[in-house]
Amino acid sequence: MKVLVVGGGGREHALCWKLKQSPLLTRLWCAPGNAGITDVAECVAIGAEDVDKLVGFARDHAADLVVVGPEAPLVLGLADRLKEAGIKVFGPSAAAAALEGSKGFMKDVVWKSGIPTAWYGRFTDMDAAKAFIHQKGAPIVVKTDGLAAGKGVVVAMTLDEALKAVDDMMGAKVFGEAGAELVIEEFLDGEEISFFALCDGKTALPLVGAQDHKRVGDGDTGPNTGGMGAYSPAPVLTPALQAEVMERCIEPAVRTMAADGKPFTGVLFAGLMITKAPDGTQTPKLLEYNVRFGDPECQVLMARMKSDLLPVLLAGAEGRLDQVSIEWRDDCALVVVMAAEGYPGSYKKNTVIRGLDEANQVEGVAVLHAGTARNAKGEVIATGGRVLGVTATGATVKQARERAYQAVDRIRWPEGFCRRDIAWRALAR
Ligand code: AMP
Ligand code: GLY
């Protein structure tokens, strides 16, 4: 089978690395890919949001399957366009991708499906939004309706912060049109996890849970990022809780989307808050859906998956997930993200990274690239904020973590940094 993966980050490196191991694979392309992905796939110089060119490439090269990594091309309708061209695609239609593209749409689907979630209001008027905040009080959460590169969420602990968020998002339009509508919702307290299910429009097949570290600094401090590290399994997600998540937070949404004529195909990524009642009972509540694999969660999921990924994704694209089961390794997996100094603010580009081969030699380690290229001398250079995902497996989370940091310490990149406490929650348990 000839497969095209769309994207060029750590998630796509993990997908290509896993697909490359499939005996069914004859050719693998990645658009646009990165310096690490060239080890496992042929990189094609087409941007992940260049829908016309991606469709043209897939058609001209008779790709048997297209796997879309990021949300932006899905929201732009890449999956719809591929289907029209007769090409199989793993990823949702634009109508279904609105589960991530519009928080207001997502909340309406979740609410009418009876899925446990924060109460909320949708606003296109500033005065109404502020009146709602005054009525509900703080803490409260203010979100842009549209995509804002993960930055359009303010968890406001005070009324002033919440009101200022409305001014910034809707008044000053700091996130552009994404802030033309706001979702204002209940603050939920608890432990956050990421859960993933593969969907084919009718059937949802559970993957496994993971936890990611969104804050830039050790001890979960500093500004939010796309994710500074992750691990799987997430110890808080017991088998009983996982069954409850499937039944209460995933399957009802799949049924609603199908009934509304927008069947969901692809990865449904549920951001969940595991809330705890005074008597200790834990209830998963849905924070949000994403319509793709998490990054860096995908890196640890792929490291733990024993089954061949390719037939599973194909079954998803063809509506046959009811015939598929997935096996997982007992191992734990952990990824430490190395980012360019300054991230998530402004950072230097094109700094040289050395020691990658030595790092890859640590047992159980794969250094996955997120934002890299090669300079004229052929050296690997950093081209993004999040640059590497040092991924390790081990019999325990402790062993995986030791291996990952051993590999990190072999990487010579003075302009880079990482968190030193990935998986602290799991270790504390
Ligand atoms: P989102 O982009 O919706 O995932 O929000 C980004 C982050 O904000 C989440 O990962 C949570 O840590 C936090 N967050 C979002 N919604 C809530 C909420 N209702 N209560 C508490 N924290 C939240
Ligand atoms: N790591 C969180 C995300 O991919 O959105």
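Within region 297-309, residues that are part of a helix (DSSP H, G or I) sit with their Cβ atoms under 6 Å from residues that are of a type in the set (Val, Ile, Thr), at 6+ positions apart or across chains, in these pairs: GLN299/VAL335; GLN299/THR391; VAL300/VAL335; ALA303/THR391; ALA303/THR393. The residue that is nearest to ligand 2 (Cβ to nearest atom), among those in region 140-157 that are in contact with a strand residue (DSSP E or B) (Cβ under 6 Å, 6 or more places away or on another chain) and in a strand (DSSP E or B), is VAL153.
Residues that are surrounded by fewer than 21 Cβ atoms within 10 Å (Cβ to Cβ) and part of a loop (DSSP other than H, G, I, E, B) within region 1-39 comprise MET1, GLN21, SER22, PRO23, LEU24, LEU25, THR26, listed in sequence order. Of ARG410, ARG374, ARG403, ARG386, all but one fail to be crowded, with 22+ Cβ neighbours inside 10 Å and out of contact with any Cys (no Cβ under 7 Å at 6 or more places or on another chain); the exception is ARG386. The condition of being under 21 Å from CYS30 (Cα atoms), in contact with a Lys or Arg (Cβ under 6 Å, 6 or more places away or on another chain) and at pLDDT 95 or above holds for only one of GLY77, GLY69, that being GLY69.
The rows are residues; the columns are (1) among the basic types (Lys, Arg); (2) surrounded by 21 or more Cβ atoms within 10 Å (Cβ to Cβ).
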site: ARG292; (1), (2): yes, yes
site: GLN299; (1), (2): no, yes
site: LEU310; (1), (2): no, yes
site: LEU313; (1), (2): no, yes
site: ASP322; (1), (2): no, no
site: ARG329; (1), (2): yes, no
site: ALA333; (1), (2): no, yes
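Just a yes or no: is a residue in region 370-380 on the phi < 0 side of the Ramachandran plot, within 16 Å of ligand 2 (Cβ to nearest atom) and modelled with pLDDT of 95 or more? Looking through region 370-380, at least one residue is on the phi < 0 side of the Ramachandran plot, within 16 Å of ligand 2 (Cβ to nearest atom) and modelled with pLDDT of 95 or more.
Give region 192-214 a look and list any residue that's more than 12 Å from ligand 2 (Cβ to nearest atom) and farther than 14 Å from ILE274 by Cβ, or say none. Hits for region 192-214 are ALA197, LEU198, CYS199, ASP200, GLY201, LYS202, THR203, ALA204, LEU205, PRO206, LEU207, VAL208. The criterion of being of a type outside the set (A, V, I, L, M, F, W, C), at pLDDT 95 or above, in a loop (DSSP other than H, G, I, E, B) and over 22 Å from GLY266 (Cβ atoms) holds for GLY114.
When LEU74, LEU82, LEU78, LEU99 are checked against the criterion of being free of Cβ contacts under 8 Å to residues at least 40 places away in the same chain, of a type outside the set (Lys, Arg) and buried (at least 24 other Cβ atoms within 10 Å of the Cβ), a single residue qualifies: LEU82. The single condition among (1) touching a residue at least 60 places away in the same chain (Cβ under 8 Å); (2) surrounded by fewer than 21 Cβ atoms within 10 Å (Cβ to Cβ) that PHE90 does not satisfy is (2). Which of (1) at pLDDT 95 or above; (2) surrounded by fewer than 17 Cβ atoms within 10 Å (Cβ to Cβ); (3) within 12 Å of ligand 1 (Cβ to nearest atom); (4) within 18 Å of ASN224 (Cβ to Cβ) is the odd one out, the single condition ILE140 does not satisfy? Failing condition for ILE140: (2). Name the residues in region 124-139 that are under 20 Å from GLY179 (Cα atoms) and either within 16 Å of ligand 2 (Cβ to nearest atom) or touching a Gly at 6+ places or on another chain (Cβ under 9 Å) (or both), would you? Within region 124-139, MET126, ALA128, ALA129, PHE132 qualify.
Every residue, every condition in (1) within 30 Å of LYS202 (Cα to Cα); (2) charged (D, E, K, R); (3) touching a helix residue (DSSP H, G or I) at 6+ places or on another chain (Cβ under 6 Å); (4) touching a residue at least 40 places away in the same chain (Cβ under 8 Å), yes or no:
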| site | (1), (2), (3), (4) |
| --- | --- |
| GLU327 | yes, yes, no, no |
| VAL367 | no, no, yes, yes |
| ARG374 | no, yes, no, yes |
| ALA382 | no, no, no, yes |
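Of note, LYS107 satisfies the criterion of being closer than 16 Å to VAL142 by Cα, within 16 Å of ligand 1 (Cβ to nearest atom) and surrounded by 17 or more Cβ atoms within 10 Å (Cβ to Cβ).
Quick check on ASP421: is it of a type outside the set (A, V, I, L, M, F, W, C), touching a residue at least 40 places away in the same chain (Cβ under 8 Å) and in a helix (DSSP H, G or I)? Here the answer is no, as ASP421 does not meet what is asked.
The values are calculated or read from the model by the stated rules, or taken from the named source; none is laboratory data. From a predicted model like this one, the values you see are computed outputs, not experimental measurements. Neighbour counts are summed over all protein chains in view; Cβ atoms, including those assigned to glycine, are modelled from backbone coordinates with ideal geometry.
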